[in-house]
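Q: Below are the structure tokens for one structure; questions will follow.
The values are calculated or read from the model by the stated rules, or taken from the named source; none is laboratory data. Computed from a prediction, not measured in an experiment: that's the story for all the values here. Note that each Cβ is placed from the backbone with ideal geometry, even for glycine, and that neighbours are counted across all protein chains shown. Accessible surface areas use protein heavy atoms only, side chains included; no ligands, DNA or RNA. Shrake-Rupley method; radii C 1.70, N 1.55, O 1.52, S 1.80 Å.
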Amino acid sequence: MGNGYFIILRGPLGCGKSTIAKKLVDVLDAEYVDMDKVLQEQGLDKIDPEVGCIPASNFIKANRIILSSVKDKLQSGKIVVFDACFYYKATIDDLVQQLPYSQYGFTLRAPLKVCIERDSKRKRSYGEGAATAVHSLVSRFDYGTVIDVTRPLNETMKDILGCLPTKKE
């Protein structure tokens, strides 16, 4: 087994996950996995009217699609950063079970108002309804270290990096 590890960044829509994930990728020379993009590209991002959101089974299918590639990267000693809302604990549990490597989880937390405001400034806003629904789903549980993302980005990065292993020269 290689000495790679993976990072799970989870949090509500508009909290800054992608910004933080991409910054971590740069700082750690890591690989980036955008789970929302996997869902979208595979047609798995459809909301099930019975549950009012994307069903957990679609997230598990997305995990299966990326597993082989991620395992290869981890085996070769790379760090992999997962960026997703991860509003089902089962999706995280599945990844952890399928990837026998060290992992670090972070729940990024911001008030709903902040998430709605940040989302509204995107090129492609998801809207207040989506932000509210996802915020509610993500807030059902915490995973890993909880990080307040209402502070400046450099402070958030310092908090996250402080929880990760230091690079061996």
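Q: Within 25 Å of Lys158 (Cβ to Cβ), free of Cβ contacts under 8 Å to residues at least 60 places away in the same chain and in a helix (DSSP H, G or I): does that describe Lys113?
A: Criteria met by Lys113.
Q: Report yes if some residue within segment 131-138 is over 23 Å from Ile7 (Cα atoms), free of Cβ contacts under 8 Å to residues at least 24 places away in the same chain and touching an Asp or Glu at 6+ places or on another chain (Cβ under 7 Å); otherwise report no.
A: no
Q: Looking at (1) on the phi > 0 side of the Ramachandran plot; (2) in contact with a strand residue (DSSP E or B) (Cβ under 9 Å, 6 or more places away or on another chain), which is the only condition Val149 fails?
A: (1)
Q: Can you tell me which of (1) open to solvent by 10 Å² or more (accessible area, probe 1.4 Å); (2) free of Cβ contacts under 8 Å to residues at least 60 places away in the same chain; (3) in contact with a Phe, Trp or Tyr (Cβ under 6 Å, 6 or more places away or on another chain) is the one Thr91 doesn't meet?
A: Failing condition for Thr91: (1).
Q: Could you list all residues from segment 94-103 that are open to solvent by less than 60 Å² (accessible area, probe 1.4 Å) and either among the hydroxyl-bearing types (Ser, Thr, Tyr) or assigned to a helix (DSSP H, G or I) (or both)?
A: Listed by number, the residues that qualify are Asp94, Leu95, Val96, Gln98, Tyr101.
Q: While we're on this one: Working only within segment 25-34, note down all residues that are part of a helix (DSSP H, G or I) and either open to solvent by 20 Å² or more (accessible area, probe 1.4 Å) or in contact with an Asp or Glu (Cβ under 9 Å, 6 or more places away or on another chain) (or both).
A: Step one: filter segment 25-34 for residues part of a helix (DSSP H, G or I), giving 25-28.
Once the filter is applied, which keeps residues that are part of a helix (DSSP H, G or I) and either open to solvent by 20 Å² or more (accessible area, probe 1.4 Å) or in contact with an Asp or Glu (Cβ under 9 Å, 6 or more places away or on another chain) (or both), segment 25-34 yields Val25, Asp26, Val27.
Q: Condition first: open to solvent by 20 Å² or more (accessible area, probe 1.4 Å), within 26 Å of Ser136 (Cα to Cα) and either in a loop (DSSP other than H, G, I, E, B) or among the small types (Gly, Ala, Ser) (or both). Now tell me which residues in segment 45-86 satisfy that.
A: Asp45, Lys46, Ile47, Pro49, Glu50, Val51, Gly52, Ile54, Pro55, Ala56, Ser57, listed by residue number.
Q: Is it the case that segment 3-21 has a residue that's assigned to a helix (DSSP H, G or I), of a type outside the set (Ser, Thr, Tyr), surrounded by fewer than 16 Cβ atoms within 10 Å (Cβ to Cβ) and out of contact with any Cys (no Cβ under 7 Å at 6 or more places or on another chain)?
A: no
Q: Say whether the condition of being farther than 24 Å from Pro55 by Cα and within 12 Å of the chain's Cα centre (by Cα) is met by at least one residue in segment 100-111.
A: Checked segment 100-111: at least one residue is farther than 24 Å from Pro55 by Cα and within 12 Å of the chain's Cα centre (by Cα).
Q: If you don't mind, another one. Give the residues of segment 126-157 that are assigned to a loop (DSSP other than H, G, I, E, B), open to solvent by 60 Å² or more (accessible area, probe 1.4 Å) and not charged (D, E, K, R), sorted by residue number. Break it down stepwise before answering.
A: Residues of segment 126-157 that are assigned to a loop (DSSP other than H, G, I, E, B), as a first pass: 126-127, 139-144, 149-152.
Those left that are additionally open to solvent by 60 Å² or more (accessible area, probe 1.4 Å): 126, 139-140, 142, 150-152.
Listed by number, the residues that qualify are Tyr126, Ser139, Thr150, Pro152.
Q: Let me ask something additional. Quick one: would you say Lys37 is within 21 Å of His135 (Cα to Cα), in a helix (DSSP H, G or I), among the charged types (D, E, K, R) and within 17 Å of the chain's Cα centre (by Cα)?
A: Spelling it out, Lys37 is indeed within 21 Å of His135 (Cα to Cα), in a helix (DSSP H, G or I), among the charged types (D, E, K, R) and within 17 Å of the chain's Cα centre (by Cα).
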